[in-house]
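A short reminder: the numbers here are calculations on the coordinates, not readings from a lab. The structure presented is a predicted model; accordingly, all values stated were derived computationally and were not measured. Using ideal geometry, Cβ is built from the backbone for each residue, glycine included, and neighbour counts are taken over all protein chains shown.
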Amino acid sequence: MVEKTAFSASTQETRYILNGLLWNNTADKFEIVATDGGRLAVATHAALPSSKEFKIIIPTKILNEVCRYISIAKPAKDSKIEVNVAANQVSFIMKETTYISRF
């Protein structure tokens, strides 16, 4: 889903709020949305197995790094990625590798 939307995120540093992807989890669906003011990309999936609804903007740079790691490491199809969100940080934990980013 990240790869289907990240191309649409802004790369201009002056528009920093558009430099990320909106992750929106509701009771019935999970969406990732990106825009640069001219393009809009939306990817939708069934709701995440989380009891909480959330709406956060995650920086595109960290998501691109995680995608690059996945493409290099080639984990098994049933591998899980643990995503933890704090007040101003997000972490991605994959086996022995952890990425942490502020937003």
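Condition check ((1) within 13 Å of MET1 (Cβ to Cβ); (2) free of Cβ contacts under 8 Å to residues at least 12 places away in the same chain; (3) out of contact with any Ser or Thr (no Cβ under 9 Å at 6 or more places or on another chain); (4) part of a loop (DSSP other than H, G, I, E, B)) across all residues:
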position: THR14; (1), (2), (3), (4): no, yes, yes, no
position: ALA34; (1), (2), (3), (4): yes, no, no, no
position: HIS45; (1), (2), (3), (4): yes, no, yes, no
position: LEU48; (1), (2), (3), (4): yes, no, yes, yes
position: CYS67; (1), (2), (3), (4): yes, no, yes, no
position: PRO75; (1), (2), (3), (4): no, no, yes, yes
position: SER79; (1), (2), (3), (4): no, no, yes, yes
position: ASN84; (1), (2), (3), (4): no, yes, no, no
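Collect the residues in the stretch 1-34 that are of a type in the set (Val, Ile, Thr) and in contact with a helix residue (DSSP H, G or I) (Cβ under 6 Å, 6 or more places away or on another chain), keeping them in residue-number order. Listed by number, the residues that qualify are VAL2, ILE32.
Residue under question is LEU63, and the condition is that it be assigned to a helix (DSSP H, G or I), in contact (Cβ under 8 Å) with a residue 24 or more places away in the chain and of a type in the set (A, V, I, L, M); does it hold? Answer is yes for this residue. Only residues that are over 21 Å from ALA9 (Cα atoms) and in contact (Cβ under 8 Å) with a residue 24 or more places away in the chain were counted across the stretch 86-103, and they come to 2.
The criterion of being surrounded by 11 or more Cβ atoms within 10 Å (Cβ to Cβ), in contact with a helix residue (DSSP H, G or I) (Cβ under 7 Å, 6 or more places away or on another chain), within 16 Å of VAL66 (Cα to Cα) and not charged (D, E, K, R) does not hold for LEU40. In the set (1) more than 15 Å from the chain's Cα centre (by Cα); (2) buried (at least 16 other Cβ atoms within 10 Å of the Cβ), ILE57 fails one condition alone, (1).
In contact with a strand residue (DSSP E or B) (Cβ under 8 Å, 6 or more places away or on another chain) and surrounded by fewer than 17 Cβ atoms within 10 Å (Cβ to Cβ): does that describe SER91? Yes, satisfied. The residues of the stretch 86-99 that are under 17 Å from VAL2 (Cα atoms) and either among the small types (Gly, Ala, Ser) or under 14 Å from the mean Cα position of the chain (by Cα) (or both), listed by number, are VAL90, SER91, PHE92, ILE93, TYR99.
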